[in-house]
């Protein structure tokens, strides 16, 4: 008989920051690059930690537990725990039980272990995880058998994985198909793909025909085509390979990362070397954005005076962390290049294409705002608008 302990409540979405990671002097007609102070967007003593969800390997154990290989539960135990958890989640969310999907047992091998599950008194007890899905939200549960004479305990974890830039697991068939295509491409590149594993699978909306992968400085501007798909990172021997795909895996693009800049000064100097590009440092108007407690250098590009902000951080991890802090209606896109964060203000396709050749796009606030402003389906009929 299974016993269901009360939930600790749902803590908001677990946001994942993700993913991959240039540096010469300028010419006489360009503005000189003044020394830049390192931005301080993170509290003192911050030690960056990996925030990627492991897919295909051993899930990270909860805090305080020794990391050991994860063993799948027996089918009867999993089915019983899944049935109890399904009823519990449907009740908590006030949805029909048919809307709650029990993901296959090996999902626990493809995502990181939940971070905030209830503690188990006996650390030697084997705990298992199961994941329920409602629309594009994942709800993790843990279950275990405290002793042979007792029934299993099923407990809701205090995590919710959501589809707003956070891990979403495609269906098994689709996931397997994508994995096979990624591995095949890596083999063609001379990489021992069989020894690697998925690290990240993120739902994404691509805005160009290249699926927003970096392009070369001499490549033509990609056509603006919106495509729903996934961002996939596959790790082999400690080296991370990033791919962008459409929803079905029919289009899979390998994203070769541009060379990382060593500093904000180096990034600006690299832009200054581009022929026919006017780069002007706005001396009296530093780059400051809502939500970010840091000050960068604002520069204007071309005669249209499109503006970008450039920030230097101590490490690439701090630069990526800072991208998630910005909440400014005047920002369209955010990029990183090593320890440098680049903020694009106006939504210019020319500037976007330029920056893709030198940095990795991490966030697209203009799309985030559009998604927030989009009316809920059926809302217009209900309100009579």
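No lab work stands behind these numbers, since they all come straight from the coordinates. Here the structure is a predicted model, which is why all the values come from computation and not from measurement. Reconstructed Cβ throughout: ideal geometry from the backbone, glycine too, with neighbour counts over all protein chains shown.
Can you tell me the length gained on complete extension of the stretch residue 288 to residue 329, counting 0.36 nm per residue apart and subtracting the Cα distance? Write out the running numbers ahead of the final one.
On the way: separation 41, 0.36 × 41 = 14.76 nm, distance 1.24 nm.
Additional length available on full extension: 13.5 nm.
At a 10 angstrom cut-off on C-beta neighbours, averaged per residue, how do the peptides 277-289, 246-258 rank from highest to lowest?
On the way: 277-289: 14.8, 246-258: 16.3.
Order by mean packing, descending: 246-258, 277-289.
At 25 °C and 0.890 mPa s, what whole-number value in µm²/s does Stokes-Einstein give for the translational diffusion of region 172-254, with Rh from the Kirkwood sum over Cα pairs?
Working: Rh = 13.3 Å.
It comes out at roughly 185 µm²/s.
Using only Cα atoms, what is the ratio of the radius of gyration of region 318-368 to 2.2 N^0.38 Å?
Working: Rg = 10.0 Å, N = 51, 2.2 N^0.38 = 9.8 Å.
Dividing the Cα radius of gyration by 2.2 N^0.38 Å gives 1.02.
Using alpha carbon coordinates only, what is the Rg to Rh ratio of region 264-372, with Rh defined as the Kirkwood radius?
Working: Rg = 12.8 Å, Rh = 13.8 Å.
Expressed as Rg/Rh, it is 0.93.
What is the gain in length, in nm to one decimal, between residue 223 and residue 125 on full extension, counting 0.36 nm per residue of separation less the C-alpha to C-alpha distance?
Numbers: separation 98, 0.36 × 98 = 35.28 nm, distance 5.49 nm.
This chain segment gains 29.8 nm when fully extended.
By how many nm would the segment from residue 349 to residue 209 lengthen if fully extended, with 0.36 nm per residue of separation less the alpha-carbon distance?
On the way: separation 140, 0.36 × 140 = 50.40 nm, distance 1.26 nm.
Length gained, residue 349 through residue 209: 49.1 nm.
Can you sort 206, 226 from fewest to most other Cβ atoms within 10 Å of each residue's own Cβ? Present the calculation step by step, with values, prior to reporting the outcome.
Details: 206 24, 226 9.
In order of increasing Cβ crowding within 10 Å: 226, 206.
How high is the FRET efficiency between residue 101 and residue 148 when r is their beta carbon distance and R₀ equals 25 Å, given to the nearest 0.05? Let's see the in-between values first.
Values: r = 31 Å, r/R0 = 1.25.
Rounded to the nearest 0.05, the efficiency is 0.20.
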